[in-house]
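Here the structure is laid out as structure tokens; the discussion comes afterwards.
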Amino acid sequence: MRIAQQTIDDVRAASDIVEVISAHVKLKKRGKNFLGLCPFHTEKTPSFTVSAEKQMYHCFGCHKGGNVITFVMEHQKVSFVEAVRSLAGRVGIVIPDESSESVEQQTESENLYNACRFAADLFHKNLTATEEGRATLEYFHKRGFSDDTIRLFGLGYSMNSWDALLQRATSEGFKPEILLRAGLIRSKEGGGQYDYFRGRGMFPIFSTSGRVIGFGARKLRNDDPIQGKYINSPETPIYDKSRVLFGLFHSKDAIRQEDTALMVEGYADLVSVYQAGVQNVVASSGTALTEKQLDLLGRYSKKIKLVYDADNAGSAASLRGVDLALEHDFDVEVVQLPQGDDPDSFVQKNGGKEFRSILEKSSSFIDFKAQQFQRSGAFATPEGKTQAVRSIVQSIARMKDELKRNFYIKEVSQKYDVYESILYRELERWVAQERKLSHNQRMRETSEGSTREEVNAPAARTPAALPPAERDIIKLLFEGNEEIIRFIFSNVTPEQFSDRRVDRIARTVLQWIDEHGKVDSQTLLNQITAEDEKGIITDILLSKYELSKGWGEMEKEIDEPDPREIAKTAVRILKRNAVQQEMEENQ
């Protein structure tokens, strides 16, 4: 399906890129631009830049870039048309259907999203509008969930039937292979399929953009053949449990506002805490906290409070979470609930106000670890004390911030009456060991991931490594001054660029001018299909000019350049380089 260019332009103009990206990335103002952690690769130092003025983004780490439409395509893994439609829905622009789009014509990801959305709607109707679902609705009410909360989180019920979802979905046009890939049905030996979820309370799992990507299912019947109290959707192309935090879609604004994230373990824990008015909460969905989940959470806040059950399993999960969070530069505290309580039961008995009070009594990770060793009786012997202090120092060694490590070492020294010099020697031993492990891991990854030809092949030039003259010419072309563009193309041909990607970009601009007469950088950016070329353009447009007015300081950045002088200098350099290359070839 095609969307009229004018409609695309209207949608793009009405969609503020900072607002759209802020829904997924924690952005901070830096001068004219906004800066945050890139959503497309793992990084600890922000290099993802968003320009409100140019309505573009660029990551100076992985070199991805584009406009608001490109961002939605990349982040949600959807087609150009689907991205435009998504943005149109945000800003209230109606895009008329020019043709009826069948499920078969949509992308696979969109098919899977649609299947999960259909299942979520069906499960919710089963819960609220069927006789069979009434018992589960009463169960949720007994858990303290209000009707508003049930609607907000889309809670539901899967019918205790062999293929109720399968039959209903196929009657609505969904193909069984799509339902299978979405994790909603299973194949049985000998042929045929059956529902994956049967007779369970359903918790839809949302992506950070609010799309249903999977489900958690609560056991309700004693005769349920599946033993697990909870089962989750299997891994699918749109659901990777190591990358998902339950409730983040609902809580991300509160996490930004409070600059702290509370981490609980289960679905019901989160729903109860959220309903009690503490909304900066996410859940690890019963799985161990992962690096990818921390990377995701770090876009909204680098402060985390771990709130797990007070039993031994909960404490063990907290200990694992502490070390991983420290390694990812989080400020970590642990909230300890009374023995026998989890967040859900505590809130049900004591309410949200009391829960906030106990959050304020959170322990530092040092105190939490020490308390675990004290409970086990480790501090009763010198050997036990040694083990406890060594374990605490080992956690401190995971921190990347050396200054922070030093402050914690001083705290441990004062608390446990151990000389700082001894603790520093122990710290250095563990830090050296961590470095060695990291180095060996990188070497293994390089060895396993590269063939001999790949190792010996010349590395692709990053946008920043392009010749300054070529960068400046691309910047001038996209800034749209017709007089300067005519001057450039009357003196330079695309073949004179040293980088073939820049050559292709220049040809695209030249063709666009021939067809439309003027340059619209936003529209033109949509015509560039190659991801690396898009990255080059956004990198250049969000950087300063690099040439000075003379030839002597070619790589000096210029704050307030004269575009005409920049064009003249860049053209002279390109011509000179072309002559030099021709001379070398002739010799």
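With the requirement that a residue be of a type outside the set (Lys, Arg), on the phi < 0 side of the Ramachandran plot and touching a helix residue (DSSP H, G or I) at 6+ places or on another chain (Cβ under 8 Å), what does region 241-254 give you? Within region 241-254, 242, 244, 245, 246, 248, 250, 251 meet the criteria. Just one of the listed residues (248, 289, 296) is closer than 30 Å to residue 401 by Cα and open to solvent by less than 10 Å² (accessible area, probe 1.4 Å), and it is 248. When region 283-314 is limited to residues that are closer than 18 Å to residue 326 by Cα and in a strand (DSSP E or B), the one that is modelled with the lowest pLDDT turns out to be 308.
Tell me, please, whether a residue that is open to solvent by less than 20 Å² (accessible area, probe 1.4 Å) and closer than 27 Å to residue 327 by Cα can be found in region 72-95. No; the residues of region 72-95 include none that is open to solvent by less than 20 Å² (accessible area, probe 1.4 Å) and closer than 27 Å to residue 327 by Cα.
I need the full set of residues from region 44-68 which are of a type in the set (D, E, K, R), surrounded by fewer than 17 Cβ atoms within 10 Å (Cβ to Cβ) and either without any contact (Cβ under 8 Å) to a residue 60 or more places away in the chain or closer than 13 Å to residue 539 by Cα (or both), in order please. Residue satisfying the conditions is 53 alone.
Of all residues in region 341-364, those that are in contact with a Lys or Arg (Cβ under 8 Å, 6 or more places away or on another chain) and not hydrophobic (A, V, I, L, M, F, W, C) total 4. The one condition from (1) touching a residue at least 12 places away in the same chain (Cβ under 8 Å); (2) open to solvent by 70 Å² or more (accessible area, probe 1.4 Å); (3) aromatic (Phe, Trp, Tyr) that residue 407 does not meet is (1). Of all residue pairs spaced 6 or more apart or on separate chains, those with beta-carbon atoms under 7 Å, a first member in region 1-24 that is within 20 Å of residue 54 (Cβ to Cβ) and a second member that is part of a helix (DSSP H, G or I) and open to solvent by 30 Å² or more (accessible area, probe 1.4 Å) are 11/91; 14/91; 15/90; 15/91; 24/75. Restricting attention to region 32-71 and to residues that are under 18 Å from residue 522 (Cβ atoms), part of a loop (DSSP other than H, G, I, E, B) and out of contact with any Lys or Arg (no Cβ under 8 Å at 6 or more places or on another chain), the residue that is modelled with the lowest pLDDT turns out to be 32. The condition (being in a strand (DSSP E or B), of a type outside the set (Gly, Ala, Ser), exposed (fewer than 15 other Cβ atoms within 10 Å of the Cβ) and in contact with a helix residue (DSSP H, G or I) (Cβ under 8 Å, 6 or more places away or on another chain)) is satisfied by just one residue among 186, 218: 186.
Looking at region 416-489, the helices (runs of 4 or more DSSP H) lying wholly inside it that each contain 2 or more residues that are at pLDDT 80 or above sit at 420-449, 468-479.
The values are calculated or read from the model by the stated rules, or taken from the named source; none is laboratory data. Just so it is clear, the structure is predicted and the values come from calculations on it, not from any experiment. Please note: Cβ atoms are built from the backbone with ideal geometry, for glycine as well, and neighbour counts cover all protein chains shown. Please note that ligands, DNA and RNA were not included when accessible areas were found on the heavy atoms of the full protein model with its side chains. Shrake-Rupley method; radii C 1.70, N 1.55, O 1.52, S 1.80 Å.
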